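Report on the structure given below.
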Number of protein chains: 2
Amino acid sequence: MKLYTSSLAPNPRRVTIFLAEKGITVPTVEIDLAKKENLFPEFLRRNPLGRVPVLEFDDGSYLAESVAICRYFEGTHPEPPLFGRGAREQADVEMWNRRMEYEVLGNVTGCFRHTHPYWKGRIEQVGAYGDLCRRTLEERMAWLDGEIAGRSFIAGERFTVADITAVTAFDLGRVARIRIPETLANLTKWYAAVSARPSVVSTSPARKSA
Amino acid sequence: MKLYTSSLAPNPRRVTIFLAEKGITVPTVEIDLAKKENLFPEFLRRNPLGRVPVLEFDDGSYLAESVAICRYFEGTHPEPPLFGRGAREQADVEMWNRRMEYEVLGNVTGCFRHTHPYWKGRIEQVGAYGDLCRRTLEERMAWLDGEIAGRSFIAGERFTVADITAVTAFDLGRVARIRIPETLANLTKWYAAVSARPSVVSTSPARKSA
């Protein structure tokens, strides 16, 4: 088994944090996105969409999509549960992970991709869409601050994949000059606590690029 | 238990198809999106994001997000499995469902919301982004056509939640004048076959609005 990953990119980081929380070690191969190694023919054979991460199995088959890879490891290593336990809790974690993807990570990514110079020439940028994402994200941060009042983690009292998605999103946001406003006390407190976890510290893009 | 839904909207339809495939009946309450009932205070109490569907439990708690609701019912009614069986198959279904969400439904929705007159005045439209989604979708349809060559369904030989996401997306696409090109023979064949399933026929927006 081998994990093709890019240690500075947000989606691969979700898997790396997940594995660290589970205590699982998987051999990795670093794909250099700056050199567009993800678009090399041998990589496109693994994932024709040219995206990292990709998990290669010993039978030569592949699995793409960060959350699909996480879910695979949840199945093979159930403890600690990061997708919840039992039908209702698993559904609640799914809801919160999706909300973090669509409301937070999606808007951060939209803002980053459509407004940041890094993407100029790499993708077709629509600045007005990036600006819309930034404004939407501001509303969503205020909503999220209210939702998590009185609880330790995004989906309740347990750290889950929803926290992984959210912290990865906010860390990516820093690149696009997105900050959690200090006035959002619950979100600020959550971000500080989750950012101090060993799995999050050891995979920090700031640390990796230093 | 009660399902707040809107029978003409794509995300609620995913849940309705899922329930029909499972043979589960849940009492429903229709939320009229044209009348903005999803933004009425009593609805926002159920889901502050103002989105349908929402599942209300008998203890007064709520579950939002279509796939979270589907996953809840997969847990309580495992047969037939629509999220796969076992760690690897479940991961593969997750990958394909996410690919259908991000590559197909996401681009259809982006095109529909940012270019269709229905959304004018309802959201801030960025036409250039909608056009980009339309062009991206054309590429993704060609990619998908190649991926499903020689198999019956999106994720393999079994009908899964990935097929539900994809058929719902392509049906929504019709509203935005998106069609699967006839030259994409595999995708055309898959679409015809899946569109004939009773769960898909009975929830068709064309039939509902007639």
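Of all alpha-carbon pairs in chain A, indicate the percentage at a distance above 28 angstrom. Present the calculation step by step, with values, prior to reporting the outcome.
Values: 6080 of 21945 pairs.
Value for chain A: 28 percent of Cα pairs lie more than 28 Å apart.
Could you point to the residue in A:PRO78, A:ILE178, A:MET141 farthest towards the positive end of chain A's charge dipole, with +1 and -1 charges on the Cβ of Lys/Arg and Asp/Glu respectively?
A:ILE178
GNM on chain A, C-alpha springs below 10 Å: top fluctuator among A:SER152, A:SER66, A:SER199?
Looking only at A:SER152, A:SER66, A:SER199, the biggest GNM fluctuation is shown by A:SER152.
Taking θ as phi - 60°, what are the ³J(HN,Hα) couplings along segment B:155-170 by the Karplus curve (6.51, -1.76, 1.60), each to the nearest whole Hz, with x for Gly and Pro?
Once rounded to whole Hz, the list reads 9, x, 9, 10, 5, 9, 4, 5, 5, 4, 4, 5, 5, 5, 5, 5.
In segment A:86-203, with Lys and Arg counted as +1 and Asp and Glu as -1 at Cβ, which of these residues, A:TYR129, A:TYR191, A:TYR118, has the Cα nearest the positive end of the dipole, that is, farthest along it?
A:TYR118
Rounded to the nearest 20 Debye, what is the dipole magnitude of segment B:86-202 about its Cα centre when Lys and Arg each give +1 and Asp and Glu each give -1 at the C-beta?
Details: 16 positive and 15 negative charges, 78 e Å.
Using only the charged Cβ atoms, the result is roughly 380 debye.
How big is the dipole moment of chain A about its Cα centre under a simple scheme where the beta carbon of each Lys and Arg is +1, that of each Asp and Glu is -1, and everything else is neutral? Debye, nearest 20, please.
Working: 29 positive and 26 negative charges, 112 e Å.
About 540 debye.
Identify which of A:ASP58, A:ASP32, A:ASP163 has the largest mean-square fluctuation in a Gaussian network model of chain A, with springs joining Cα atoms closer than 10 Å.
Looking only at A:ASP58, A:ASP32, A:ASP163, the biggest GNM fluctuation is shown by A:ASP58.
What is the residue of chain A with the smallest Cβ distance to the axis taking A onto B, and what is that distance in whole Å?
It is A:TYR129, 2, counting Cβ atoms only.
Compute the normalised compactness of the protein assembly as shown: alpha-carbon radius of gyration over 2.2 N^0.38 Å, N being the residue count. Could you put the intermediate results ahead of the total?
Numbers: Rg = 20.6 Å, N = 420, 2.2 N^0.38 = 21.8 Å.
Normalised by 2.2 N^0.38 Å, the Cα Rg of the protein assembly as shown equals 0.94.
In square nanometres, what is the average projected area of the Cα convex hull of segment A:122-198?
Values: hull surface 24.1 nm².
Its Cα hull, projected and averaged over all orientations, spans 6.0 nm².
For chain A, which cysteines have no disulfide-compatible partner, meaning no other cysteine Cβ under 4.7 Å?
Cysteines lacking a close Cβ partner in chain A: A:CYS70.
Expressed as a whole number of Å, what is the distance separating the alpha-carbon centroids of segment B:13-38 and segment A:104-181?
Cα centroid of segment A:104-181 versus Cα centroid of segment B:13-38: 30 Å apart.
So if we plug the beta-carbon distance of A:ALA128 and B:ASP58 into 1/(1 + (r/R0)^6) with R0 = 56 Å, what FRET efficiency do we get, rounded to 0.05? Write out the running numbers ahead of the final one.
Numbers: r = 45 Å, r/R0 = 0.81.
Step by step, r from the Cβ atoms, then E = 0.80.
Please rank A:THR136, A:THR16, fewest neighbouring Cβ atoms within 10 Å first, as an exposure proxy. Please list the in-between numbers first.
Working: A:THR136 17, A:THR16 23.
Taking fewest neighbouring Cβ atoms as first place, the list is A:THR136, A:THR16.
I'd like to know which of A:GLY150, A:VAL161, A:THR203 lies farthest towards the positive end of the charge dipole of segment A:86-203, counting +1 on Cβ of Lys and Arg and -1 on Cβ of Asp and Glu.
Of the candidates, A:THR203 comes out farthest on the positive side.
What are the nm distances, shortest first, from A:GLY146 to its equivalents in the other copies, labels at 7 Å along Cα→Cβ?
Values, ascending and in nm: 4.7.
If the cut-off is 26 Å between C-alpha atoms, which lysines fall inside it for B:LYS35, apart from same-chain ones fewer than 8 positions away?
Filter leaves B:LYS2, B:LYS120, B:LYS208.
Counting other beta carbons within 10 Å of each residue's own, what order do B:THR188, B:THR183 fall into, fewest first? Please list the in-between numbers first.
Values: B:THR188 15, B:THR183 9.
Final ranking by Cβ density, sparse to dense: B:THR183, B:THR188.
With charges set only on the Cβ (+1 for Lys and Arg, -1 for Asp and Glu), what does the dipole of the protein assembly as shown come to about its Cα centre, in debye to the nearest 20?
It comes to approximately 900 debye.
Rank these for me by crowding, A:VAL201, A:VAL175, going from fewest to most other beta carbons within 10 Å.
Values: A:VAL201 12, A:VAL175 16.
Least to most surrounded, the residues fall as A:VAL201, A:VAL175.
For segment B:131-154, list residues with backbone N below 16 Å from a point placed 7 Å from the Cα of B:THR183 toward its Cβ?
B:135-146
Convex hull volume of the Cα atoms in segment B:2-76, per residue, in Å³? Don't jump to the answer; show the numbers that get you there.
Numbers: hull volume 6.1 nm³, N = 75.
Spread over its residues, the Cα hull of segment B:2-76 gives 81 Å³ apiece.
Run the quick spin-label model on A:ARG174 and B:ALA149: label points 7 Å from Cα toward the beta carbon, then report their separation in nm to one decimal.
Output for this residue pair reads 4.5 nm.
Bear in mind these aren't lab numbers, they're just calculated from the coordinates by the rules spelled out. Everything numeric here is computed off the predicted structure, so don't read it as measured data. No Cβ is skipped: glycine too gets one built from the backbone with ideal geometry, and neighbour counts run over all protein chains shown.
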